[in-house]
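Visitor: One structure, as structure tokens, below. Some questions next.
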Amino acid sequence: MSARNPRQSRHRLFALVACLTLVGLTCPDTLWADAVKLGGFWIDDQVVQSINDGKLSYVNSAGTEAVRGLEEVQGIKLSAFPDLGKAEDLIQEKKDLSEAMRLLTAVRGNARQEWLRQWVDYRLVVAADLAERPVDAVRAYVTVLQANPHAFYLQQAPTTSLTQIKNEQIHQAALKLVDEALPRLKGPAQEAANTFREALAEAYKPEGAAGAPGAPGGENGVAGAPAEDAGGLALPKVMPANDPVAKLLKQGKYAEAIATTDRAMAAESGTTQMRLYQKGIAQLQIALALAQEDTLRETQLKDAGLSLMRVVVHFGPRGSYVGPAMLGAGIVHQQIGRTDTALTLYNDAANLIDPEDTGLINQVQELKRSIIAGEEPATTP
């Protein structure tokens, strides 16, 4: 929890009083350039002191110190951080919220005070939620929780953006952020995270859930048949559909698939090649579901590329999953703009994939065609 620095606050308050009381002197205009929004109106000519124990302290131009609970505060502008004011204006007007998020991120990177970083993290939750970007909103809220903040911040979980979770990839990416943070949280923050995760888990229900017609184990599921595809990406015929991870990939449960492959590689023998491939495909699908401007997207793509290339390095060229792994790695390179490398990987994949595996062969040819035609890479393969 952020702690107010009593000495710093006293010194600043003393400077304010001195400006007001010394005869013949006036305070510089910049001293009173902060602003606080209360009751729907911006109150200018203030000096924000700090936030402590869920309360904002500030001094007005008459030298009077005021304290307001954060539930009353609708915005803060600081002369020392002009970008914070610009971001607040965009949030209030609900315009160019991506720019507001960029500005807030820059402010957070420069802020030294813990109370200010926590406030900015909270405003990032608000901006991402208004922008209907669920993964960004969840990431910002997780950051808030990790600071062990005041109860006010714990109650600011995103809600609007959760209604915009339209596919399982985005849903799993959001759940993964919470699941990774939960073991590190304690007390009220952990309780808030658990409550939020329950709401997040209910925010999206995939049509292809287990038991549904056409889903693995459902009316048309055939044990032992090839695992046909995962989110539009063809899976190799050699992968049996009754494999637990294959089922998760077909259902779009990518975060769960990653966790299952990690457990399987620690406990099984003889399946490492398939498990590495499955993990890479799950990581790739999570990445493809993220917005192009999402900072997590490139990291997730690189993680997918590493998993897939481990298959190539450790099991090539005769491994059953080496050709499919090259195809997946090619998609990674195409997504990050390395089309020459992607084309090379697609050509190598075409030479290694079983010619009778028409799903993969057709996918390779289509991806090669898209590069030659100069088309932008699709967000789903």
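The values are calculated or read from the model by the stated rules, or taken from the named source; none is laboratory data. This is a predicted model, so every value here is computed, not measured. Cβ placement follows ideal geometry from the backbone for every residue including glycine, while neighbour counts extend to all protein chains displayed. Quick note on the areas: whole protein, heavy atoms, side chains included, nothing else; ligands and nucleic acids left out. Shrake-Rupley method; radii C 1.70, N 1.55, O 1.52, S 1.80 Å.
Visitor: Would you mind checking Lys166/Lys250; Lys37/Lys77; Lys250/Lys302 for any pair whose Cα atoms are more than 20 angstrom apart?
Guide: Working: Lys166/Lys250 17 Å; Lys37/Lys77 9 Å; Lys250/Lys302 22 Å.
In this structure, Lys250/Lys302 lie more than 20 Å apart at Cα.
Visitor: I'd like the accessible area for Val120: 1.4 Å probe, protein heavy atoms, all chains in place, Å² to the nearest 10.
Guide: The accessible area comes out at roughly 0 Å².
Visitor: Given the peptides 128-140, 242-254, 189-201, arrange them by the average over their residues of other C-beta atoms within 10 Å, most packed first.
Guide: For the peptides 128-140, 242-254, 189-201, the packing ranking is 128-140, 242-254, 189-201.
Visitor: When a/c reaches 1.5 or more, the comparison of a/b and b/c decides; with that in mind, is the range 54-114 rounded, prolate or oblate per its Cα gyration tensor?
Guide: Working: a/c = 2.08, a/b = 1.66, b/c = 1.25.
It is prolate, given that a/c is not under 1.5 and a/b is the larger ratio.
Visitor: Below 13 angstrom from the Cβ of Ala266, what's the summed charge of the other residues (Lys, Arg +1; Asp, Glu -1)?
Guide: Numbers: positive: Arg263, Arg275, Lys279; negative: Asp262, Glu268.
So the environment of Ala266 carries a net charge of +1.
Visitor: For the range 80-120, which trypsin sites (Lys or Arg not before Pro) are in a loop by DSSP, counting at most 11 other Cβ atoms within 10 Å?
Guide: Working: sites: Lys86, Lys94, Lys95, Arg102, Arg108, Arg112, Arg117; in loops: Lys94, Lys95, Arg112.
Hits after loop and neighbour filter: Lys94, Lys95, Arg112.
Visitor: Which value, to two decimals, describes the C-alpha radius of gyration of the range 225-381 once divided by 2.2 N^0.38 Å? Could the numbers behind the result be given before it?
Guide: Working: Rg = 14.2 Å, N = 157, 2.2 N^0.38 = 15.0 Å.
After normalising by residue count via 2.2 N^0.38 Å, the value is 0.95.
Visitor: Using a 1.4 Å probe on the protein heavy atoms, what percent of the accessible area of the range 225-335 belongs to carbon and sulfur? Let's see the in-between values first.
Guide: Numbers: 2170 of 4200 Å².
That fraction is 52 percent.
Visitor: Rounded if a/c is under 1.5, else prolate if a/b is larger than b/c, else oblate: which is the range 90-196, with a ≥ b ≥ c the root eigenvalues of its Cα gyration tensor? Don't skip to the end; give the middle numbers.
Guide: Values: a/c = 1.82, a/b = 1.05, b/c = 1.74.
Oblate is the answer for the range 90-196, as a/c is 1.5 or above yet b/c matches or exceeds a/b.
Visitor: Here's another thing I want to ask about it. Taking the range 54-133, which chymotrypsin sites (Phe, Trp or Tyr not before Pro) meet the DSSP loop condition and have no more than 15 other C-beta atoms within 10 Å? The partial results should precede the final answer.
Guide: Values: sites: Tyr58, Trp115, Trp119, Tyr122; in loops: none.
In loop regions of the range 54-133 (DSSP not H, G, I, E or B), there are no sparsely surrounded chymotrypsin sites (Phe, Trp or Tyr not before Pro).
Visitor: With a cap of 11 neighbouring Cβ atoms within 10 Å, and only residues DSSP puts in a loop, list the trypsin sites (Lys or Arg not before Pro) found in the range 292-381.
Guide: Arg318
Visitor: So, one more: How much solvent-accessible surface does Thr271 expose, in Å² to the nearest 10, with a 1.4 Å probe and all protein chains in place?
Guide: Surface open to solvent at Thr271 totals about 40 Å².
Visitor: Shape call for the range 150-202 from the C-alpha gyration tensor, a ≥ b ≥ c root eigenvalues: rounded (a/c under 1.5), prolate (a/b greater than b/c) or oblate? All intermediate terms of the calculation are to be shown ahead of the outcome.
Guide: Details: a/c = 2.76, a/b = 1.51, b/c = 1.83.
In terms of gyration-tensor shape, oblate.
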